[in-house]
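To start, the structure under review is shown below, and the notes come after it.
The values are calculated or read from the model by the stated rules, or taken from the named source; none is laboratory data. Bear in mind that the values here come from a model prediction, so they are computed numbers and not experimental data. Cβ placement follows ideal geometry from the backbone for every residue including glycine, while neighbour counts extend to all protein chains displayed.
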Amino acid sequence: MYTGLQHAHSYIAFAALILLIVASINAIIGMTSNKEFKDGDRKLSLFALIFTHTQLLIGIILYFVSPMVQSFSVAMKDSTLRLYALEHPLINIIAVVLITIGWSRHKKMTTSKAKFKSIAIMFALGTILILSRIPWSAWL
């Protein structure tokens, strides 16, 4: 089960990152070109949101069953273990919160430019945070 969750966490991460990058770029283009916010834009952002939340849930389950983060005091002395035990989960939770705020704020906006701006800023910040804390050596 643990290995299956690890694989799901890795594969969904690819999809989530691709969707976040595409949604961020789409929102930046929409914001700068004064494009109308359409249903396709909403769906793209929604799928990015869904995949990041799914990724977060799988990550939380992995966090509590992982042997790597069981001894927290030892993890603080080792940079690799600290990445898995503290930095990766904390920064990614913050990123998902920012993405969720961007999604929630866009629903309250009345103009297309404001909707695109909310998604562009928050999704891009979330994507940057996620990319900063991926354990690249173990992931690729």
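For the structure I just gave you, tell me whether L125 is of a type in the set (A, V, I, L, M), under 21 Å from I58 (Cβ atoms) and either in contact with a Lys or Arg (Cβ under 7 Å, 6 or more places away or on another chain) or in a helix (DSSP H, G or I) (or both). Spelling it out, it is not the case that L125 is of a type in the set (A, V, I, L, M), under 21 Å from I58 (Cβ atoms) and either in contact with a Lys or Arg (Cβ under 7 Å, 6 or more places away or on another chain) or in a helix (DSSP H, G or I) (or both). Residues considered: M109, M76, M122. Of these, the only one that is of a type outside the set (S, T, Y), modelled with pLDDT of 95 or more and touching a Leu at 6+ places or on another chain (Cβ under 8 Å) is M122.
Residues that are without any contact (Cβ under 8 Å) to a residue 40 or more places away in the chain and either within 23 Å of T54 (Cβ to Cβ) or assigned to a helix (DSSP H, G or I) (or both) within region 103-117 comprise S104, R105, K107, K108, A114, listed in sequence order. With the condition kept exactly as written, say whether any residue in region 101-108 is closer than 22 Å to I18 by Cβ and among the β-branched types (V, I, T). Within region 101-108, one or more residues are closer than 22 Å to I18 by Cβ and among the β-branched types (V, I, T). For region 1-98, the helices (runs of 4 or more DSSP H) that sit wholly inside it and include 1 or more residues that are touching a residue at least 12 places away in the same chain (Cβ under 8 Å) and surrounded by 15 or more Cβ atoms within 10 Å (Cβ to Cβ) are 2-32, 39-65, 79-82.
Scoring S104 on the criteria (1) surrounded by 14 or more Cβ atoms within 10 Å (Cβ to Cβ); (2) over 17 Å from I28 (Cα atoms) leaves a single failure, condition (1).
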